[in-house]
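Presented below is the structure to which this report refers.
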Number of protein chains: 2
Amino acid sequence: MMDTIFKHKTIRKYKNTPISDELLNQILEAGFRASTTGNMQVYSIIVTKDIEKKKQLCGMHFGQKMVEEAPVILTFCADFNRFNKWCKQRNAEPGYDNYLSFFTAAIDALLAAQNVALAAEANGLGICYLGTTTYQADKLVEFFNCPDGVVPITTLVVGYPDENPELVDRLPFKGIVHNETYKDYSATDIDEIYQEKESLPQTAELIKINELENLAQIFTQKRYSKKDNVHFSKQFLKVIEAQGFMNNID
Amino acid sequence: MMDTIFKHKTIRKYKNTPISDELLNQILEAGFRASTTGNMQVYSIIVTKDIEKKKQLCGMHFGQKMVEEAPVILTFCADFNRFNKWCKQRNAEPGYDNYLSFFTAAIDALLAAQNVALAAEANGLGICYLGTTTYQADKLVEFFNCPDGVVPITTLVVGYPDENPELVDRLPFKGIVHNETYKDYSATDIDEIYQEKESLPQTAELIKINELENLAQIFTQKRYSKKDNVHFSKQFLKVIEAQGFMNNID
């Protein structure tokens with residue numbers, strides 16, 4: 001277990017070797033074992049294996065080629081639809097058309113996703129999370145035909161790795177953990193916490209290619225700009241509302 | 001790995017045996033290895049070990065005794081504060097005061113939490129997630145002194161188990177997985193999917209104690225009522241806004 005966790009690397013190049021049904025089912029069932037609020041399991045997993053469908057998904061995920069190349073794409077959705085239907089069929093009035101319920105279901109979906117990711121890696125598969133899922137949730141809702149109560153939250157690309165990248169840097173312990181209370185960061189703390197990341201050879205290369213002053217500017221100007229974030233915030237909130245999770249907030 | 005995942009049980013009774021610093025640090029570092037968006041690691045983990053502080057936390061988490069009894073409580077927060085400070089110190093203007101950034105940070109926090117949960121279990125510890133974190137996020141922000149950009153998302157109770165409960169039921173495969181598109185559920189599907197859960201002896205007992213018709217009514221009337229959900233939705237959205245993540249949405 002610890003070995004799998006500590007050797008995790010995001011894989012972006014996959015062999016076209018298919019994943020056996022037996023193995024795929026096993027890693028999906030590993031997802032089911034994750035904790036969920038009140039054991040409600042208010043999430044769904046949509047499996048994409050069809051070549052045409054993967055091509056279309058690839059477009060939605062900003063053309064990241066691995067979405068087309070990997071054998072299996074798993075879209076994890078917050079899902080109160082199934083639970084609501086059950087309640088209604090049992091003469092129980094569901095009260096899950098609100099933001100808390102959306103967030104609860106998103107937590108369920110994400111904990112299940114990480115179980116699936118680790119189970120995949122423990123079995124020799126590679127994975128990549130797609131952050132584009134929340135950006136494109138409106139298109140994914142349409143593509144998968146998600147009913148009311150269902151919102152795509154994250155996506156896992158899964159397949160046999162066709163690359164073996166190095167372990168990626170992480171912030172030091174003091175950059176993540178707080179004891180008893182949140183100790184806010186001094187300017188010196190910030191310098192220390194980001195020192196390793198800033199001094200990596202690949203960081204120097206990125207700065208050169210992007211013709212910017214430093215790594216932080218690459219994040220704010222190129223990778224995750226305010227303009228994009230604001231645009232996708234509005235889109236994602238609209239999806240949450242359209243799927244029925246924003247009632248009774250006034 | 002698969003064994004740890006498939007044997008997961010939520011533990012609600014803990015020994016007061018402390019967790020060694022070495023082991024605690026190892027399971028926290030397991031959290032750091034989880035994937036995060038753009039490797040930004042926009043989350044923090046707050047460790048509570050102090051007895052007085054655990055008592056206060058216990059109150060905030062609706063008096064669940066294990067919060068006081070277990071040796072370690074870990075609160076996972078979405079955190080753009082550190083990243084924003086870094087950007088500003090590097091002449092880069094952060095654009096992360098919006099809902100997408102909040103949700104991105106929440107995803108980071110949750111994937112890290114599940115790594116920590118599994119690493120804990122792989123080392124003989126037990127865990128319990130506290131859903132009350134989002135309900136009480138306003139109080140937790142104050143308690144931990146969380147600055148702008150920081151929102152508590154979930155909590156893990158961690159310690160050596162003082163009980164050995166049975167594995168808990170899960171919905172069948174067809175209740176969670178969809179192939180290629182979301183196949184909405186018929187009335188018969190719903191009956192089949194919830195059949196096992198509804199026929200458990202403990203379900204019969206719960207229905208009797210609660211003097212209700214069925215399990216679904218226990219969820220809608222007792223455990224997760226509309227009234228509570230609406231109340232906590234408003235509260236949680238206010239916290240997200242107060243911590244600076246709801247700008248530019250109009």
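The values are calculated or read from the model by the stated rules, or taken from the named source; none is laboratory data. What you see is a predicted model, and the numbers here were worked out from it, not measured in a lab. Counting neighbours? That spans all protein chains shown, and the Cβs are built from the backbone with ideal geometry, glycine included. All accessible areas refer to the heavy atoms of the entire protein, side chains included, with ligands and DNA or RNA removed. Shrake-Rupley method; radii C 1.70, N 1.55, O 1.52, S 1.80 Å.
Computed quantities for the displayed model
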{"item": "Copy-to-copy label separations for B:Thr10, where each label sits 7 Å from Cα toward Cβ, in nm and ascending", "result": "3.1"}
{"item": "For the protein assembly as shown, accessible area per residue (1.4 Å probe, heavy atoms of protein chains only), Å²", "result": "40 Å²"}
{"item": "Long-range HN-HN contacts of A:His178 with modeled amide H, under 5 Å", "result": "B:Ile45, B:Ile46, B:Val47"}
{"item": "Dipole in debye (nearest 20) - segment B:191-250, about Cα centre, beta carbon charges: Lys, Arg +1; Asp, Glu -1", "result": "380 debye"}
{"item": "Assigned charges on the beta-carbon of Lys, Arg, Asp, Glu; chain B dipole about Cα centre (debye)", "result": "520 debye"}
{"item": "Convex hull projection area averaged over all views, the protein assembly as shown, Cα basis, nm²", "result": "21.8 nm²"}
{"item": "Peptide B:37-45 - average C-beta neighbours from other chains (10 Å radius)", "result": "4"}
{"item": "For segment B:173-250 versus segment A:205-250, the gap between their alpha-carbon centres in whole angstrom", "result": "30 Å"}
{"item": "Debye, to nearest 20: dipole size of the protein assembly as shown, +1 on Lys, Arg Cβ, -1 on Asp, Glu Cβ", "result": "280 debye"}
{"item": "Separation of the B:Asn145 and A:Phe173 label points, Cα + 7 Å toward Cβ, nm", "result": "2.2 nm"}
{"item": "GNM result for chain B, Cα springs below 10 Å: residue of B:Ser233, B:Ser225, B:Ser101 fluctuating most strongly", "result": "B:Ser225"}
{"item": "3J(HN,Hα) from dihedral phi, segment B:80-85, Karplus parametrisation 6.51/-1.76/1.60, rounded to Hz, x for glycine, proline", "result": "9, 4, 4, 5, 4, 4"}
{"item": "Rg ratio (alpha-carbon, reference 2.2 N^0.38 Å) - segment B:169-231", "result": "1.33"}
{"item": "Most mobile of A:Ala216, A:Ala112, A:Ala122 in a GNM of chain A (Cα contacts under 10 Å)", "result": "A:Ala216"}
{"item": "Max mean-square fluctuation residue, GNM over chain B, Cα-Cα springs under 10 Å, options B:Val42, B:Val168, B:Val116", "result": "B:Val168"}
{"item": "Nonlocal amide H pairs with B:Gly126, under 5 Å, H built at 1.01 Å", "result": "B:Gly159, B:Tyr160"}
{"item": "Nonlocal amide H pairs with B:Val72, under 5 Å, H built at 1.01 Å", "result": "B:Val158"}
{"item": "Approximate spin-label separation A:Glu166-B:Lys208, in nm, with each point projected 7 Å along Cα-to-Cβ", "result": "6.4 nm"}
{"item": "³J(HN,Hα), Karplus 6.51/-1.76/1.60, whole Hz, each residue of segment B:119-128, x for Gly, Pro", "result": "5, 4, 5, 5, 10, x, 8, x, 9, 9"}
{"item": "Aspartates and glutamates with Cα under 14 Å of B:Lys226, excluding same-chain neighbours fewer than 8 positions away", "result": "A:Glu93, A:Asp97"}
{"item": "Part-to-part distance (alpha-carbon centres) for segment A:121-170 and segment B:54-130, which is given in Å", "result": "22 Å"}
{"item": "Over 26 Å between alpha carbons, listed pairs A:Lys139/B:Lys139; A:Lys15/A:Lys208; A:Lys54/A:Lys208; A:Lys13/A:Lys53", "result": "A:Lys139/B:Lys139; A:Lys15/A:Lys208; A:Lys54/A:Lys208"}
{"item": "Difference of contour (0.36 nm per residue) and Cα-Cα distance, B:Ser225 to B:Lys13", "result": "73.7 nm"}
{"item": "Length-normalised contact order of segment B:49-163 in % [C-alpha pairs under 8 Å, at least 6 apart]", "result": "37 percent"}
{"item": "Inter-copy separations for B:Asp191, label at 7 Å along Cα-Cβ, nm, ascending", "result": "7.1"}
{"item": "Rotationally averaged projected area of chain A (alpha carbon convex hull; nm²)", "result": "16.9 nm²"}
{"item": "Ascending list, in nanometres, of distances separating the B:His231 label from those of the other copies (7 Å, Cα toward Cβ)", "result": "4.2"}
{"item": "Under Karplus coefficients 6.51, -1.76 and 1.60, residue-wise ³J(HN,Hα) of segment A:207-222 in Hz, glycine/proline x", "result": "4, 5, 4, 7, 6, 10, 6, 6, 5, 4, 5, 5, 5, 6, 9, 10"}
{"item": "Listing of segment A:153-187 residues, each with accessible area lower by at least 40 Å² in the full protein assembly than in the chain alone (probe 1.4 Å)", "result": "A:Arg170, A:Leu171, A:Phe173, A:Ile176, A:Val177, A:His178, A:Glu180, A:Thr181, A:Tyr182, A:Asp184, A:Tyr185"}
